[in-house]
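Have a look at the structure below, then the notes.
The values are calculated or read from the model by the stated rules, or taken from the named source; none is laboratory data. Being a predicted model, the structure only gives us computed values, none of them experimental. Every residue, glycine among them, receives a Cβ derived from its backbone with ideal geometry; neighbour counts consider all protein chains shown.
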Amino acid sequence: MMMSQAVRCLPSLPAEEDVETGFARRREIILSLILLLIMSVGGLQRWRDFRAATEYGAYAFEKWDGEAVRWVGRYFSTKIPATGDFLGIPIYVNPANIDPEKGLEFRLSVDGVEIDRRCFFHPGWQPLTYHLPGIEGREIVIKTRVARTFNPLALGQGNDARDLGVAMKTITFSSSPPSHPEPWVFSGGGFRRVRSALSG
């Protein structure tokens, strides 16, 4: 009677072509990981540069009746030294950007605190002024946002292909209240909350 003999099965050696293919795949994976790492580092640096930028979301200044005016997009941000506690931001609302039922929502924040949100239903200049105690002598970040933009070229209103939010004159500061219009300030708890957030 013959005894069965256990045979240890060894894996077959891969063909030479399979070995080369495996090495090639590993090289591709390693190179892809290196490229991804480089892109990630570059993207992170670009994000840091974006965060550190003093301004974004604005087009170049133009001359309107001899006065410097520029359009801003849906989102606008600028870092600027406050030389007074009274902030002035004159903006122009174009009729093409006003919804007949909802108007044009405009938001304004200073150092991450929303200080104004309103809807404009009529076109024209809006001389917005604000009294923000404690900002004088500080570098602050002003941000604006509008609910929508309009494109003059798409509307058949000329060759301007930019997406426009509102037009804005130079931002101003003053240590004393302007004679006109009267500064808009928060009332009650809202004003105290903003004041503590900006002055704390």
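Every residue in the stretch 65-112 that is among the aromatic types (Phe, Trp, Tyr) and over 20 Å from Thr149 (Cα atoms), please.
Within the stretch 65-112, the subset among the aromatic types (Phe, Trp, Tyr) is 71, 75-76, 86, 92, 106.
Scanning the stretch 65-112 gives a single hit, Phe86.
Can you tell me which residues in the stretch 144-163 are without any contact (Cβ under 8 Å) to a residue 12 or more places away in the chain and of a type in the set (D, E, K, R)?
Matches in the stretch 144-163: Asp160 only.
Quickly run through the stretch 69-92 and pick out the residues that are charged (D, E, K, R) and buried (at least 20 other Cβ atoms within 10 Å of the Cβ). Break it down into steps so the answer makes sense when it comes.
As a first pass, look at the stretch 69-92 and keep what is charged (D, E, K, R): 70, 74, 79, 85.
Passing the criteria: only Asp85.
Condition check ((1) assigned to a strand (DSSP E or B); (2) surrounded by 15 or more Cβ atoms within 10 Å (Cβ to Cβ)) across all residues:
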{"position": "Ser109", "(1), (2)": "yes, yes"}
{"position": "Arg117", "(1), (2)": "yes, no"}
{"position": "Gln126", "(1), (2)": "yes, yes"}
{"position": "Thr129", "(1), (2)": "yes, yes"}
{"position": "Pro133", "(1), (2)": "no, no"}
{"position": "Lys143", "(1), (2)": "yes, yes"}
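I'd like the full set of residues that are closer than 27 Å to Lys63 by Cβ, surrounded by fewer than 18 Cβ atoms within 10 Å (Cβ to Cβ) and among the aliphatic types (A, V, I, L, M), limited to the stretch 145-174.
Within the stretch 145-174, Leu153, Ala154, Leu155, Ala161, Ile171 qualify.
State whether one or more residues within the stretch 87-108 are of a type in the set (A, V, I, L, M, F, W, C) and in contact with a Pro (Cβ under 6 Å, 6 or more places away or on another chain).
Yes: one or more hits.
Would you confirm whether or not the stretch 130-143 contains a residue that is over 16 Å from Pro81 (Cα atoms) and in contact (Cβ under 8 Å) with a residue 24 or more places away in the chain?
Looking only at the stretch 130-143, we keep the residues that are over 16 Å from Pro81 (Cα atoms), and these are none.
The answer is no, given that none of the residues of the stretch 130-143 is over 16 Å from Pro81 (Cα atoms) and in contact (Cβ under 8 Å) with a residue 24 or more places away in the chain.
Would the stretch 93-103 turn up any residue that is buried (at least 18 other Cβ atoms within 10 Å of the Cβ), under 21 Å from the mean Cα position of the chain (by Cα) and under 11 Å from Met168 (Cα atoms)?
yes
Assess whether His180 counts as being at pLDDT below 90, in a loop (DSSP other than H, G, I, E, B), under 27 Å from Asp65 (Cα atoms) and not aromatic (Phe, Trp, Tyr).
Values: at pLDDT below 90: yes; in a loop (DSSP other than H, G, I, E, B): yes; under 27 Å from Asp65 (Cα atoms): yes; not aromatic (Phe, Trp, Tyr): yes.
Yes.
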